[in-house]
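K.L.:
This is the structure I want to talk about, given as structure tokens.
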Amino acid sequence: MFNHWIKKIVIVGTTGSGKTSFLKLLPGVFKGSEVQRKVSVEEKVDDTFTPLESDQFQNSTTTIGINTKSVLFLTSRSNVFTVHELRSNGGLPYSQEEIDSLYPVVVFDTAGQERFKFMQEIGLKGAHGVIIFADGSNMSSIEKVADYLLMVQEEEQRVGRRIPTVVFINKKDLESKGLFIGKDAVRRWLPDPSIKLYETTIYDFDSFMLPLREFLHELDGFPLDINSFTALNYA
């Protein structure tokens, strides 16, 4: 039912920035292949990759494949923005009378390590929107944001259309320890001052909700009006 309406959202960012943890917080079935690099006693990283079990996401992961989740964001008649699993049968979580607008998306989480840059380039192909994650406690992660913005710009030139982009400066929970670099300091590293920056933490999912709502609203064709949607799909 949603096939003609679904938008492709791509997440890019460095390893340890919280991309996979964010994807795990979203409702629905997590599809893909996750791996974690083994670290030796001497804190040197070897070249061995081992699969992670579904309950082993406490630590940072490096994604070799492209992990995905199908997600339905919606706004209620009372203007409440929520997120749900996008069901394969097209079923809605609420009755038509309770829903105002819909945002069906498939979210792609790409590899974060530099040597897997080609995975990010592949993942960005055909993206309707891009979320960039930066580790707010790591300057090298922050400096990479400009590179990701350049990749998005190149894809925009390839497809001949604008791709809405948002930057999440993640790990705001470390601010109280003096380890977090805020969005005002980050902005000076960016070539485009109009790029929207938000401070987030996976320990407070609400820190993502308003940014996501504003971001999704910028995507071409969104939001879907519930009356038009149901008229076309239930007629």
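K.L.:
Over 18 Å between Cα atoms, which of K19/K69; K7/K125; K125/K196; K69/K196; K19/K172 qualify? Please list the in-between numbers first.
P.N.:
Numbers: K19/K69 12 Å; K7/K125 13 Å; K125/K196 22 Å; K69/K196 24 Å; K19/K172 14 Å.
Correct reply: K125/K196; K69/K196.
K.L.:
Right, another one. Once fully extended, how much extra length lies between F30 and E143, figured as 0.36 nm per residue of separation less the alpha-carbon to alpha-carbon distance? If you can, show how the numbers build up before the last one.
P.N.:
Working: separation 113, 0.36 × 113 = 40.68 nm, distance 2.92 nm.
Extending this stretch completely gives an extra 37.8 nm.
K.L.:
At 0.36 nm per residue, minus the direct Cα-Cα distance, what do S95 and Y203 gain on full extension? Give it in nm, one decimal, please. Present the calculation step by step, with values, prior to reporting the outcome.
P.N.:
On the way: separation 108, 0.36 × 108 = 38.88 nm, distance 3.06 nm.
Length gained, S95 through Y203: 35.8 nm.
K.L.:
Is the shape of segment 75-220 rounded, prolate or oblate, going by the alpha carbon gyration tensor and its root eigenvalues a ≥ b ≥ c, with a/c under 1.5 for rounded and a/b larger than b/c for prolate? Mind showing how you got there, number by number?
P.N.:
On the way: a/c = 1.98, a/b = 1.33, b/c = 1.48.
Judged from the Cα gyration tensor, segment 75-220 comes out oblate (a/c at least 1.5, b/c at or above a/b).
K.L.:
For the pair E85/R213, report the inter-label distance in nm, with labels modelled 7 Å from Cα in the Cβ direction.
P.N.:
2.5
K.L.:
Can you order the peptides 78-88, 196-206 by their average number of other Cβ atoms within 10 Å per residue, highest first? The partial results should precede the final answer.
P.N.:
Details: 78-88: 14.3, 196-206: 16.3.
My ranking of the peptides, most packed first, is 196-206, 78-88.
Just so you know, all these numbers are worked out from the coordinates, no wet-lab data involved. All of these numbers come straight from a predicted model, not from anything done at the bench. Every residue, glycine among them, receives a Cβ derived from its backbone with ideal geometry; neighbour counts consider all protein chains shown.
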